[in-house]
1. Across region 46-91, which residue is surrounded by the most Cβ atoms within 10 Å (Cβ to Cβ) among those that are of a type in the set (Ser, Thr, Tyr) and in contact with a Pro (Cβ under 8 Å, 6 or more places away or on another chain)?
2. For the condition modelled with pLDDT under 75, part of a helix (DSSP H, G or I) and over 15 Å from the mean Cα position of the chain (by Cα), what is the one hit in 3, 43, 72?
3. So which of 97, 134 is over 13 Å from the mean Cα position of the chain (by Cα), surrounded by fewer than 18 Cβ atoms within 10 Å (Cβ to Cβ) and modelled with pLDDT under 75?
Amino acid sequence: MALERWAARMRALPPEGRYAQGEPLPALFGIAASFAVAAVLGLAVGTLVRHSAGAVTTVIGLLLLPSLFGPLLGDAERWIAGLSPTAALEKLTQTSDAAADAVGSLGPWPSLLLVAAYTAALTLGALVLLRRRDVR
């Protein structure tokens, strides 16, 4: 009897019904894609800024500031925080604080596509600036 209780406590997963379980594969692929998009975003900002400390600060600001300052903006909070790359990651991980009323009305995959569009625009701008400024 004691051995069964010990084995029940040592399980890796919580008992059913204790935590909301989502689909694991979309979350896994979405998180991997989100980190890849964030890496390309960092590369684009680094190319635009051409200063390592400035690029790191800018990318951290892009990732964290909307979530930090969103509550100060009243009704616009869900839209400001919902358009940030961090919101896409929260929605893809299916956390409880990533509900539509808290973090915008876009779903997880449209949020990731929006962040990918931001990244593509910054990358295109970085490519144009790189060709004008550094390639002769």
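1. At the first step, the residues of region 46-91 found to be of a type in the set (Ser, Thr, Tyr) are 47, 52, 57-58, 67, 84, 86.
Going one step further and asking which of them are in contact with a Pro (Cβ under 8 Å, 6 or more places away or on another chain), we end up with 84, 86.
Working: 84: 24, 86: 21.
Of everything passing the filter in region 46-91, 84 is surrounded by the most Cβ atoms within 10 Å (Cβ to Cβ).
2. Values: 43 fails: modelled with pLDDT under 75; 72 fails: modelled with pLDDT under 75.
Criteria check complete, one pass: 3.
3. Numbers: 134 fails: modelled with pLDDT under 75.
Exactly one residue qualifies, and that residue is 97.
The values are calculated or read from the model by the stated rules, or taken from the named source; none is laboratory data. Every value quoted in this text rests on a predicted model; they were computed, and no experiment measured them. Neighbour counts are summed over all protein chains in view; Cβ atoms, including those assigned to glycine, are modelled from backbone coordinates with ideal geometry.
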